[in-house]
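Visitor: Sharing a structure, written as structure tokens. Questions coming.
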Amino acid sequence: MRKPLIAGNWKMNLLNSKVPAYFTDLEKAIHGVDRKKVDTLLAVPAPFLATAREHAQRAGTLIATQTIHEKNDGAFTGEISIPILKDLGIDWTLIGHSERRQYYNETDASVAAKTKATLAAGIHPIVCVGETREEREAGKMKDVLKRQMEAVLAVVSADSAFTVAYEPVWAIGTGLTASDEQAEEAHAFIRAIVAAKFPTLAERLRILYGGSVKSSNIQGLLKQPNVDGALIGGASLDPAEFGKTVSLAASV
Ligand code: PEP
């Protein structure tokens, strides 16, 4: 049985000065939750990483950055490197979120390069994959997932520590959620792709679902055998709602 991970992605929201209060409220909201039953993580804007790390400990929450550069240093204005992340005591990152692919030209190749660099440095990546609405409507969902996953699988090994987030682009920030069955179909497909190359890795790999997840739909999703948690955007901005989602996840 894989322990669920409930991860939030604040994107470019909230303020550094609001971070302490967020964690005070989150701590209250998840007080009494059996932490052996659920892991929690928040991917915060880079300038908040140090503050978030300091306060997240109270709420037993891991902190991640939202993207990472594959090179250790150099002339890459605005980027954040693995050594910068490690120096802050952070060892998780999102990679290849659909907004990075859509607005910042991230490709399967750059996602693979970032995944390879983070794994080599002992950083745990949450690698995001998922099809657009046009791709789903054209019947290409499985082709897209296979292409995206194979790029990642080319740079991992059977004992790599990483997580996959299946995020259908049409369900991100739109209020549309994949049905429990649609999520399960995609997750089972992703796990089968991994199993074809690394059977034991596939068994322990956590595959999160992302796309308008909130407290009202988390339990149905987590009841699916191949859904091992969630990556939550909008609904992670409210600590009470995020905490409620975590509590409900612990009781599935
Ligand atoms: C996300 O940002 O990864 C996401 C799934 O957003 P939302 O929950 O707002 O759809």
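The values are calculated or read from the model by the stated rules, or taken from the named source; none is laboratory data. From a predicted model like this one, the values you see are computed outputs, not experimental measurements. All Cβ positions, glycine included, derive from the backbone under ideal geometry; neighbour counts span all protein chains shown. What goes into the accessible areas is simple: the full protein's heavy atoms, side chains included, and nothing from ligands, DNA or RNA. Shrake-Rupley method; radii C 1.70, N 1.55, O 1.52, S 1.80 Å.
Visitor: Can you give the convex hull volume of the alpha carbon atoms of segment 108-252 per residue, in Å³? Mind showing how you got there, number by number?
Guide: Numbers: hull volume 16.3 nm³, N = 145.
In segment 108-252, the Cα hull volume divided by residue count equals 112 Å³.
Visitor: Sort Ser98, Ser179 from largest to smallest accessible area, using a 1.4 Å probe on the heavy atoms of the protein chains. All intermediate terms of the calculation are to be shown ahead of the outcome.
Guide: Working: Ser98 20, Ser179 45 Å².
In descending accessible area the options line up as Ser179, Ser98.
Visitor: In addition: Along its principal axes, what span do the Cα atoms of the chain show, with the longest given first and each in whole Å?
Guide: Dimensions of the chain along the principal axes of its Cα atoms: 46, 44, 33 Å.
Visitor: State which entries of Lys86/Lys197; Lys37/Lys214; Lys146/Lys214; Lys3/Lys214; Lys36/Lys223 exceed 25 angstrom in Cα-Cα distance in the structure shown. Kindly include the intermediate steps, with their values, before the conclusion.
Guide: Working: Lys86/Lys197 30 Å; Lys37/Lys214 18 Å; Lys146/Lys214 27 Å; Lys3/Lys214 19 Å; Lys36/Lys223 18 Å.
Table pairs above 25 Å Cα-Cα are Lys86/Lys197; Lys146/Lys214.
Visitor: Tell me the accessible surface of Leu62 in square angstrom (1.4 angstrom probe, heavy atoms of protein chains only), to the nearest ten.
Guide: 60
Visitor: Within the accessible area of the chain, what % is carbon and sulfur when the probe is 1.4 Å and the other protein chains stay in place? Write out the running numbers ahead of the final one.
Guide: Values: 6030 of 11140 Å².
Looking at the chain in its full context, I get 54 percent from C and S.
Visitor: With springs only between Cα atoms under 10 Å, which of Gly60, Gly78, Gly210 fluctuates most in a Gaussian network model of the chain?
Guide: Judging by the Gaussian network model, the answer is Gly78.
Visitor: OK, next. Could you compute how fast segment 34-159 diffuses translationally, taking Rh as the Kirkwood radius over C-alpha pairs and applying Stokes-Einstein at 10 °C with viscosity 1.306 mPa s? Give it in µm² per second. Could the numbers behind the result be given before it?
Guide: Numbers: Rh = 15.7 Å.
Answer from the Stokes-Einstein relation: 101 µm²/s.
Visitor: A follow-up question, please. How high is the relative contact order of segment 39-146, in percent, with contacts defined as C-alpha pairs under 8 Å that are six or more residues apart?
Guide: Working: 146 pairs, mean separation 23.4, N = 108.
Computed over segment 39-146, the figure is 22 percent.
Visitor: Keeping every protein chain present and rolling a 1.4 Å probe, give me the accessible area per residue for segment 1-95 in Å².
Guide: Working: 4830 Å² over 95 residues.
Per residue, segment 1-95 has 51 Å² of solvent-accessible surface.
Visitor: Moving on. If DNA, RNA and ligands are ignored and the probe is 1.4 Å, what is the ranking of Glu131, Glu184 by accessible area, most exposed first? The partial results should precede the final answer.
Guide: Numbers: Glu131 0, Glu184 30 Å².
Output order, biggest surface exposure first: Glu184, Glu131.
Visitor: In addition: Distance between the C-alpha centers of segment 102-126 and segment 57-93? Whole Å please.
Guide: Segment 102-126 and segment 57-93 have Cα centres separated by 12 Å.
Visitor: What value, in deg cm²/dmol to 500, does the helix sum -39500 (n - 2.57) over DSSP H runs of n ≥ 4 give at 222 nm once divided by the residues of the chain? Can you show the working numbers first?
Guide: Working: 11 runs with 103 residues, N = 252.
Helix-only estimate at 222 nm: -11500 deg cm²/dmol.
Visitor: Averaged per residue, what accessible area in Å² does segment 118-212 show with a 1.4 Å probe, protein chains only?
Guide: 40
Visitor: Tell me the trypsin sites (Lys or Arg not before Pro) within segment 30-68 that lie in a loop according to DSSP and have at most 11 other beta-carbon atoms within 10 Å. Before the final figure, lay out each step's value.
Guide: Numbers: sites: Arg35, Lys36, Lys37, Arg53, Arg58; in loops: Arg35, Lys36, Lys37.
Passing both the DSSP loop test and the Cβ count: Lys36.
Visitor: Given the options Asp25, Asp34, Asp228, which has the most mean-square fluctuation in a GNM of the chain, springs set between C-alpha atoms less than 10 angstrom apart?
Guide: Most flexible of the set in this elastic network: Asp34.
Visitor: Using only Cα atoms, locate the centre of segment 24-56 and the centre of segment 1-20, then give the distance between them in Å, rounded to an integer.
Guide: If we compute the Cα centre of each part, the gap is 7 Å.
Visitor: Let me ask you something else. Computed on alpha carbon atoms, what radius of gyration and Dmax characterise segment 146-220, expressed in Å?
Guide: Final numbers for Rg and Dmax: 13.2, 37 Å.
Visitor: Find the relative contact order for the chain and round it to a whole percent, using C-alpha pairs within less than 8 Å whose residues are 6+ positions apart. Can you show the working numbers first?
Guide: Values: 493 pairs, mean separation 58.0, N = 252.
Computed over the chain, the figure is 23 percent.
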